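Structure, as structure tokens:
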Amino acid sequence: MPRTLTALLLLLAVSLGIVIPAASASAAVVTGHGVGFLSKTDRSWIGSYLSTDGTTGLCLDVSRPSALGSTFTYEETTEYADLSLDDLARVAYIGRVWASTYELVTAAAAQLAIWRITGLDGHDAAYYAQRANEHAAVVLSTSDSFLAQASRAASRSVTATLGIDLASHTVTSQLVVDLVGSGPTVLAPGVHDGVITLQGATFGDGSTTRRAANGVAQAIIPDPGRAIEEVSASVGFTDLPYGATFTVGRSLNGRQDLLQAAPVRAQATAEARASGPSPLPFSPEVVTRTSSGSIAAGETLSDDLVLSANDEGLGRWGVYQDDEGFHPVPVVIESVLYGPLKRRPEPLAEAPADAPVVCRVETAATEGPGTYRSPGCAVAEPGWYTWTAAIDPARTPPEHGGDRLGGWSSSWGEAAETTLVLGAPTISTVASRASLDQPACVHDTLSVSGLPVGAPAFTVTATLIGPDEAAPTPGSVHEEWRQLQSPGAGEVTITGDGEYSTDCVEVSEPGYYHFVISSPGSTVDGASIPAFEDAAVHASESFVLQSPPPSSVPSSPAARLASTGQEAGPGLLAGVVITALGAGAWAALRLSRPSRSARS
């Protein structure tokens, strides 16, 4: 009874924090028994020991003398004597769970369990259990229980894992404990908290660091604006009660070493990196422009396409991943050419149901954003033509990103997508007078046919050359006609089919005259009429101002033969014909050249 009381008093002293000051910071001395039992028969002890620094410990080697009065130093170790790793794990487990107990039977049973692992020095467990007097049986059975539990729950090590799931935008840490009884085991969620740090992403509150329980997925938000999400993370767990490392109080004077009740806490860290296509949807858009604002009938039109992504969703072009790496999400751009139309089309959200279709072509855009050109479509008839374009997400397989792709379509009749196709309009010209017997104002008359409605307006200048002393030869060409004598020029603006008269030019000096036709052309909204001129002499545009006759009877001018012009040469009007009509004569104008073309 007195011995029991002594143990209880020691227990009370420990529970109240009454300790003897340590002799030094690096060494301690065992000052007495801690919690346990003192044998009534031989005063042998089973239980923990107290040290001058206030710590308690359990004896590790029963074959050595009692630890009372021993001086020792602390050492963390994963080796002791010839114990196996599993035995070291059991010792460490017992030290963590029961070495610091204030309960008598628990302390004694823990001490007995340690001796049963490290060696009983030729005795059995019951021999040492007798030191607990009348509690021997319960100490022995409790020791059995402790060993069984340690064999199940003791651990060789603990490691952390970290997983980043970009499909669900989560990061999850796990703890794997290598248990003596069952091997590596993933701990149930929520047992321990670690600290997760992110790069390339944030948590929902905008932070990049968070305490998170093991096994519990944490939602993350990858940094925006990246087609390829690249996220790295690290996790650290501290103060983990696992592993085969424990603290030994090494005796400096040959007595028993102590398993210290202050357990070694393990740490576990892990890192992870993940990259993959952003699962965010994205929407394409295309800036479209017809390949030419105007062409001649029979030529070919294409649709120029500048592909990009708009600011919605991902805000940039998406990618998909296969065994070879990352690739831009491919799309098919479907272009439709409508025409011929009688008038320039007005912009509409979509093409009218009855709009005539020239062709449908497809452009495979496999390289992502950039400039593409559709296959060409030949246009046979004059008139107005316009393109539309569209992207259908269903044309892209889901495994290539089609399930993240938005649709797009252009409007109809946009100016940039509209082309004027010119056939062979005819311009017929004739001077207003064939001859004069007195000074007058003479103009040139132009008859225009074959221009589509809405063709760009252009100005024609009729320059009057003369006076010449002799009649110029029909069909002759004055290459430097701008250097010749001229009383003036008349202009007129051509806006479509019809008859036009230039401004008149005053003629006062006798002699021979003829008109020369020229134009700077015109470009409106991409539709073009090229510059042209005709410097040839034509009878229909020639006349004479007679000198005053000696008598009052004027002489009649000789009749002029008709001439017919030839078709224009190559040019955007594709053969504009200009004829000069005078006494039934026609003449042809060559386009897009400063040189003359002969009229016959």
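What to note about this one:
- Any hit, the stretch 12-19, residues being buried (at least 20 other Cβ atoms within 10 Å of the Cβ) and modelled with pLDDT under 95: no
- Total residues in the stretch 300-322 satisfying the condition of being assigned to a loop (DSSP other than H, G, I, E, B) and either among the hydroxyl-bearing types (Ser, Thr, Tyr) or modelled with pLDDT of 95 or more (or both): the figure is 3.
- When HIS123 is tested against the conditions (1) under 24 Å from ASP257 (Cβ atoms); (2) within 60 Å of the chain's Cα centre (by Cα), the lone failure is (2).
- Each residue in the stretch 59-115 was checked for being touching a helix residue (DSSP H, G or I) at 6+ places or on another chain (Cβ under 8 Å) and in a loop (DSSP other than H, G, I, E, B), and 11 of them qualify.
- Output for the stretch 390-405, where each listed residue is surrounded by fewer than 22 Cβ atoms within 10 Å (Cβ to Cβ) and closer than 21 Å to ALA351 by Cα: ALA390, ASP392, PRO393
- Within the stretch 381-400, the set of residues being among the acidic types (Asp, Glu) and either more than 24 Å from VAL329 (Cβ to Cβ) or not assigned by TED's automatic domain parsing to the domain that holds ARG360 (or both) comprises just one member, GLU381.
- Given (1) in a strand (DSSP E or B); (2) modelled with pLDDT of 90 or more, number of the condition SER540 does not satisfy: (1)
- Restricting the search to strands (runs of 3 or more DSSP E) fully inside the stretch 438-488 and requiring at least 3 residues that are crowded, with 19+ Cβ neighbours inside 10 Å and β-branched (Val, Ile, Thr) gives 458-468.
- Checklist (1) surrounded by 15 or more Cβ atoms within 10 Å (Cβ to Cβ); (2) assigned by TED's automatic domain parsing to the domain that holds ILE221 applied to ASP165, failing item: (1)
- Search result, residues across the stretch 355-373 that are more than 25 Å from the chain's Cα centre (by Cα), of a type outside the set (Val, Ile, Thr) and under 12 Å from ASP303 (Cβ atoms): CYS359, ARG360
- Of the criteria (1) closer than 30 Å to SER232 by Cα; (2) outside the structural domain of PRO222 (by TED's automatic domain parsing); (3) modelled with pLDDT of 95 or more, which one VAL358 fails: (1)
- For the stretch 490-537, the set of residues classified as surrounded by fewer than 17 Cβ atoms within 10 Å (Cβ to Cβ), small (Gly, Ala, Ser), at pLDDT 90 or above and under 60 Å from the mean Cα position of the chain (by Cα) consists of GLY498 only.
- Any pair with Cβ under 9 angstrom, 6 or more apart, that starts in the stretch 462-481 at a residue that is assigned by TED's automatic domain parsing to the domain that holds THR493 and of a type in the set (S, T, N, Q) and ends at one that is surrounded by 16 or more Cβ atoms within 10 Å (Cβ to Cβ) and at pLDDT below 90: SER476/ARG596; SER476/ALA598
- Some residue of the stretch 287-294 being at pLDDT below 95 and buried (at least 22 other Cβ atoms within 10 Å of the Cβ): yes
- Restricting attention to the stretch 367-403, the residues being assigned to a strand (DSSP E or B) and farther than 16 Å from THR288 by Cα number 3.
- Some residue of the stretch 275-282 being within 21 Å of VAL186 (Cβ to Cβ) and either free of Cβ contacts under 8 Å to residues at least 12 places away in the same chain or outside the structural domain of VAL358 (by TED's automatic domain parsing) (or both): no
Matching residues to (1) among the charged types (D, E, K, R); (2) touching a helix residue (DSSP H, G or I) at 6+ places or on another chain (Cβ under 7 Å):
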| site | (1), (2) |
| --- | --- |
| ILE220 | no, no |
| GLU229 | yes, no |
| GLY236 | no, no |
| LEU240 | no, no |
| ALA244 | no, yes |
| LEU252 | no, no |
| LEU259 | no, yes |
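The values are calculated or read from the model by the stated rules, or taken from the named source; none is laboratory data. Predicted, not measured: the structure shown is a model, and the values here were computed from it. Ideal geometry is used to build each Cβ from the backbone, glycine not excepted, and the neighbour counts take in all protein chains shown.
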